[in-house]
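Presented below is the structure to which this report refers.
The values are calculated or read from the model by the stated rules, or taken from the named source; none is laboratory data. Keep in mind the model is a prediction, meaning the values are calculated, not measured. As a convention, Cβ positions derive from the backbone with ideal geometry for all residues, glycine included, and neighbour counts pool all protein chains shown. Ligands, DNA and RNA are stripped out before the accessible areas are found, and what is left, the full protein with its side chains, is counted by its heavy atoms. Shrake-Rupley method; radii C 1.70, N 1.55, O 1.52, S 1.80 Å.
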Amino acid sequence: MIASVTGTRLSPSAYIDGILSGDRIILSRAITLVESNRHEDIQLAEQVLNRILPHTGKSKRMGITGVPGVGKSTFIEAMGSYLAEQGRKLAVLAVDPSSQRTGGSILGDKTRMETLANHPNAYIRPSATGSSLGGVANKTREAMLLCEAAGFDTIFIETVGVGQSETTVKGMVDFFLLLMLPGAGDELQGIKKGIMEMADALIIHKADGDNIQRAKIAKAEYENALHLFPPTGTGWIPKVQLCSSMTQSGIAEMWKLVESFYDLLGEKGINSNRKQQNLDWMHESIGYLLKEQFYSSEKVKAQLKTLENEVEAGKKTPLAAARQLIN
Ligand code: GDP
């Protein structure tokens, strides 16, 4: 049994050669490898990642978020098809914390992004699953590096706009895009202010038909709201753009906006941002790995339930219980 599982793995050079030559089947297998939690796979994946690292970093990295129903997949399909038609090579990845619970995936449904999925310049990968956001995010980040080494020059990372995963995605992309609905009045539409503050651009989506007027009002409202946020530190001023993925209006303009962001920051600005992201990633990983190691320890497992009961019964303070476990 183990032999057959091992048999599905390639040699490090086979992965590396395959990825660098843009072989999608090998790319997919390499992503599966970095998603694996098996000890041997982690080691093999590290070898592969180390050797492809010099070939990474040449893409535009974009994060896309918004509440369910705002039209993220429709937008990615429209925007992605536009870019693919222009000759850009696009990989779409996702960070989907909900998939941890359901085992499903926001990109798993084959009917989503069907046109884009069939375009020769596009590659769509269902989101990884895992026991923690930190784990899932690491896998997505590594998948992004593999895609870059395979020659993709544009990466979209989709996430559901409901919580913690936005911060995580913001930490792995250059440009962060928030999709909003055209309803004026329902101010933040369930999007937390903190998420709006992270956005490099807001899209008032579905700006078509009867929505156009409302979308224009929303645009003005959000432009005002953005003025109140602290400056980004890069000189970039977040923009608000109307867009309809149904009529394609605003799609080309949106891409121009992204390009103007890259022009403004330049290679130096983008690289310094990425260096900081890498350091943050390292420190986050330390926290995440320590936690993982802690909870997998047999000694911890043996005492955890008892201490939980004591905390529940009010016999011990949570901090004292945590200290005892750590000691
Ligand atoms: P997601 O959950 O954010 O990925 O949203 P979907 O892409 O699945 O879209 C949700 C719904 O909004 C679908 O019924 C789409 O047909 C609709 N929709 C998406 N884009 C547009 C648009 O540009 N205009 C209009 N009017 N409807 C849209």
Here, His283 and Leu325, labelled 7 Å along Cα→Cβ, have an inter-label distance in nm of 2.4 nm
Candidate cut points under trypsin sites (Lys or Arg not before Pro) in region 267-327, DSSP loop plus at most 14 other Cβ atoms within 10 Å of their own Cβ, are Lys315
To the nearest 20 debye, region 262-318 has a Cα-centred charge dipole, built from +1 on Lys and Arg Cβ and -1 on Asp and Glu Cβ, of 220 debye
Quick calc, Gln213 & Asn50: beta-carbon distance into FRET formula, R0 51 Å, rounding 0.05, result 0.40
Burial-style ranking of 25-31, 203-209, average other-beta-carbon count within 10 Å with highest first, yields 203-209, 25-31
Whole-percent carbon and sulfur contribution to the accessible surface of the chain (1.4 Å, no ligands, DNA or RNA) stands at 56 percent
To the nearest 0.05, the calculated FRET efficiency linking Phe294 and Arg24 through their beta-carbon distance, R0 being 35 Å, is 0.35
The answer for region 206-327, accessible area per residue at 1.4 Å probe in Å², is 69 Å²
Residues whose built amide H sits under 5 Å from the amide H of Asp23, excluding neighbours closer than 5 in sequence, are none
Full extension between Leu264 and Leu228 adds, at 0.36 nm per residue less the Cα distance, a length in nm of 10.8 nm
Where a ≥ b ≥ c are root eigenvalues of the Cα gyration tensor, a/c under 1.5 meaning rounded, otherwise prolate if a/b exceeds b/c and oblate otherwise, the chain counts as oblate
Karplus-derived 3J(HN,Hα) from phi for region 215-231 (6.51 cos²θ - 1.76 cosθ + 1.60, θ = phi - 60°), whole Hz, x at Gly and Pro, runs 5, 5, 5, 4, 4, 4, 5, 6, 4, 4, 4, 5, 4, 7, 7, x, x
